[in-house]
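Participant: The structure's right below; bear with me while I get my questions together.
The values are calculated or read from the model by the stated rules, or taken from the named source; none is laboratory data. Nothing here was measured: the structure is a model prediction, and the numbers come from that model. Note that we place each Cβ from the backbone using ideal geometry, even for glycine, and neighbour counts take in every protein chain shown.
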Amino acid sequence: MAIHLDDALAVVAKHRGSRVVIPTMASVPVWFNLSNQSLDFTYMPSAMGHGTGLGLGIALAQPEHGVIVINGDGSTLMNLGSLVTLAQNPAPLYLIIVDNGMYEITGGQSVAGSGRTDFAGLAQAAGIARVYSFADQASWESWAGEALNGPGPVVIVLQVEGRLGQKTPSIPMPMKDQIARLRSALAPANA
């Protein structure tokens, strides 16, 4: 049985530490209900495929924080090359791929290759050494501490139940305000 998105992200919230968290697309409203910290950066609108690159840039510039990117399967497919980029640039980045087999917020259309795309296999083939895949909540909870710690990059694939009828989420605050809040949170204390 697939994992519920709310339950999956509650585990992320429990293990996030002081890392930047970048939720994209369907994970945005769920994450906002779990966390609204200055190190949260809701990457909407037009985030499909770009969350991983943004997260990697922050992880390379601020390795003491680390970054968790919560990406959908559709967003990951839009920028599969980012897996190779992650493998070539070791950084404390933890990419969570929420695999529900659909473009949830645009009407529930099936993602190309739905049910056949092995995101964990693609990440390993790209050269990422630490790859995890979970299809049930109990396994995810048991291994989350290990998966969300240690050296990066890390790819975590979560088989999540799709939810039809989801609307495109709104960002919790204007993008310029989010950018200012994140910059302030990442600024050195003595700057």
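So that you can scan it fast, the table gives a plain yes or no per residue for (1) assigned to a helix (DSSP H, G or I); (2) among the charged types (D, E, K, R):
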| residue | (1), (2) |
| --- | --- |
| ALA10 | yes, no |
| LYS14 | yes, yes |
| ASN33 | yes, no |
| ASN36 | no, no |
| GLY49 | no, no |
| ALA59 | yes, no |
| VAL69 | no, no |
| LEU83 | yes, no |
| LEU86 | yes, no |
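Participant: May I ask you to verify whether LEU95 is modelled with pLDDT of 75 or more, over 18 Å from ALA8 (Cα atoms) and hydrophobic (A, V, I, L, M, F, W, C)?
Facilitator: For LEU95, the condition - modelled with pLDDT of 75 or more, over 18 Å from ALA8 (Cα atoms) and hydrophobic (A, V, I, L, M, F, W, C) - is not met.
Participant: Give the residues of segment 1-29 that are modelled with pLDDT under 90 and among the β-branched types (Val, Ile, Thr), sorted by residue number.
Facilitator: Residues satisfying the conditions are ILE3, THR24, VAL28.
Participant: Of the residues GLY53, GLY49, GLY66, which single one is in contact (Cβ under 8 Å) with a residue 24 or more places away in the chain, under 13 Å from the mean Cα position of the chain (by Cα) and surrounded by fewer than 16 Cβ atoms within 10 Å (Cβ to Cβ)?
Facilitator: GLY53
Participant: Still on this structure, I have one more. Every residue in segment 119-154 that is buried (at least 17 other Cβ atoms within 10 Å of the Cβ), closer than 19 Å to ASP73 by Cβ, in contact (Cβ under 8 Å) with a residue 60 or more places away in the chain and among the hydrophobic types (A, V, I, L, M, F, W, C), please.
Facilitator: PHE134, TRP140, VAL154
Participant: Report whether or not ALA26 is surrounded by 21 or more Cβ atoms within 10 Å (Cβ to Cβ), in contact with an Asp or Glu (Cβ under 6 Å, 6 or more places away or on another chain) and among the small types (Gly, Ala, Ser).
Facilitator: yes
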